[in-house]
Amino acid sequence: MEGGPQITSKTMASKTYRSGFAALIGRPNVGKSTLLNQLTGEKIAIVSPKPQTTRNRILGVVTRPEGQVAFIDTPGIHQAKGELNRYMVEVALQAAEEVDLVLFVVDVPGGEKLEVGPGNRMILERLQKLGKPTFLVINKIDTLPKALILPLIDLYRNEFPFAEVVPISAREGDGVDRLFQVALQHLPEGERIFDEDMLTDQQERTLVSEYIREQVLRHCRQEIPYSTAVLVEVFDESEREPRPDAPPGPLAGLIRIAASIYVERDSQKAIIIGKQGQMLKTIGTDARKAIQRLLGAHVYLSLRVRVEPRWSDRPEGLKKLGYE
């Protein structure tokens, strides 16, 4: 046919749209949540230097002209002791079963010895049984001498037939765009799964409870965070629309939120409340600032601390606090 633009194989390839699901799998504290936030450009998952911060699967959707990837952040896989830990590991492994692509995230080993380690080897054994296309994503390369990156890659390649190896620094953003592009090429051709403007499936109430828990993780001593859960009981948006006479500004309207911080013992409750309520006030102040940025409105935040004995080791306790 003459007279019109020629359609070449290169032209057709450039119009190929791909979409699918990719799970971020790995040990606790390797930077999966930081990576999800870096990929989406928004704070969807809370982060903390304390391990086992993520307790549920968290969806972050990245949509670009060439395709859409729905990334699923998962709890760190570890030797599970107790009902809550078993729940978290099951959440992670189930996510790996349901996706098109697994991104196995590891961080650089501490010290001079390069090794895979028994925890990562256990995860690879589980992934081997799934038979999913799997990337090795080596995080925190900004802390590893470049001369050690290739030997580390060789160590892992001897353990598992990875489809791709992508070194990154989730904190600095190095290699993150390349990870998206390479992941996209391993997903099936197809239309968008989610609307173009969708970023996450997390409800605002869920994000609010996580932002509060993040401040407990940040401010409280080592043994407290693992026994803590947050339940939002009131989320009143009746004044969310700003009044006509309200001065212009980045925050509009008012949202009233009441939440309970659950712990397992009275001694833990006393620590979170602090002397003359100072610790709880600090947690509430920092949480409110973060929640206001999230919601784009002024926030009145009321917090109280409740004791639910051994909630993390009882199925009914997990269910009551939203882990089911």
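The values are calculated or read from the model by the stated rules, or taken from the named source; none is laboratory data. The structure displayed is predicted, hence computed values, not measured ones. Note: ideal-geometry Cβ built from the backbone for every residue, glycine included; neighbour counts use all protein chains shown. Accessible surface areas use protein heavy atoms only, side chains included; no ligands, DNA or RNA. Shrake-Rupley method; radii C 1.70, N 1.55, O 1.52, S 1.80 Å.
Between ASP174 and LYS275, residue separation times 0.36 nm minus the direct Cα-Cα distance comes to 32.1 nm.
What shape does segment 18-186 have by the C-alpha gyration tensor, where a ≥ b ≥ c are the square roots of the eigenvalues, rounded means a/c under 1.5, and otherwise prolate means a/b greater than b/c and oblate the rest? It is rounded, given that a/c, with a ≥ b ≥ c, falls under 1.5.
Against the chain, whose longest principal axis is taken from its Cα atoms, helix 204-219 shows a tilt of about 80°.
Calculate what fraction, in whole %, of the accessible area of segment 204-321 sits on carbon and sulfur atoms when a 1.4 Å probe is rolled over the protein chains. Each step should come with its number before you reach the end.
Details: 3140 of 6310 Å².
Carbon with sulfur: 50 percent of the solvent-accessible area.
Report, in deg cm²/dmol and to the nearest 500, the calculated mean residue ellipticity at 222 nm for the chain, where each DSSP H run with n ≥ 4 adds -39500 (n - 2.57) and the sum is divided by the residue count. Don't skip to the answer; put the middle values down first.
On the way: 10 runs with 111 residues, N = 324.
Calculated from helices alone, the mean residue ellipticity at 222 nm is -10500 deg cm²/dmol.
The distance separating the Cα centre of segment 160-216 from that of segment 13-67 comes to 2 Å. Note that the chain presents 52 Å² accessible area per residue, ligands and nucleic acids not counted, probe 1.4 Å. The amide H of ASP107, built 1.01 Å from its N in the peptide plane, has ASN139 as neighbours under 5 Å, considering only residues 5 or more places off or on other chains. Using 0.36 nm per residue and subtracting the Cα-Cα separation, the extra length available between LYS319 and GLN203 on full extension is 40.0 nm. Short-range pairs are left out: with C-alpha atoms under 8 Å and at least six residues apart, the relative contact order of segment 18-186 is 26 percent. Rolling a 1.4 Å probe over the protein heavy atoms of segment 39-169, with every protein chain left in place, gives an accessible area that is 50 percent carbon and sulfur.
Is the shape of segment 107-188 best called rounded, prolate or oblate, per the rule: a/c under 1.5 gives rounded, else a/b larger than b/c gives prolate, else oblate, with a ≥ b ≥ c the square roots of the Cα gyration tensor eigenvalues? Before the final figure, lay out the partial values.
Values: a/c = 2.08, a/b = 1.08, b/c = 1.92.
It is oblate, given that a/c is not under 1.5 and a/b is not larger than b/c.
Relative to the longest principal axis of the Cα atoms of the chain, helix 278-295 runs at roughly 50 degrees. For segment 30-85, trypsin sites (Lys or Arg not before Pro) are listed when DSSP marks them as loop and at most 10 other Cβ atoms sit within 10 Å of their Cβ; the list is LYS81.
Is the chain rounded, prolate or oblate when judged by the Cα gyration tensor, a ≥ b ≥ c being the square roots of its eigenvalues, rounded requiring a/c under 1.5 and prolate requiring a/b larger than b/c? Show your work: numbers first, answer last.
Details: a/c = 2.13, a/b = 1.31, b/c = 1.62.
It is oblate, given that a/c is not under 1.5 and a/b is not larger than b/c.
Applying a DSSP loop filter and a limit of 15 other Cβ atoms within 10 Å to the trypsin sites (Lys or Arg not before Pro) in segment 264-324 leaves ARG265, ARG310. Shown here for segment 73-170: GluC sites (Glu not before Pro) in loop regions (DSSP other than H, G, I, E, B) with at most 11 other Cβ atoms within 10 Å, namely GLU112, GLU115. Modelled spin labels at GLU233 and LEU155, positioned 7 Å past Cα toward Cβ, are 4.9 nm from each other.
Select from LEU294, LEU35, LEU150 the residue whose mean-square fluctuation is largest in a Gaussian network model of the chain (Cα-Cα springs shorter than 10 Å). Ranking LEU294, LEU35, LEU150 by mean-square fluctuation puts LEU150 first.
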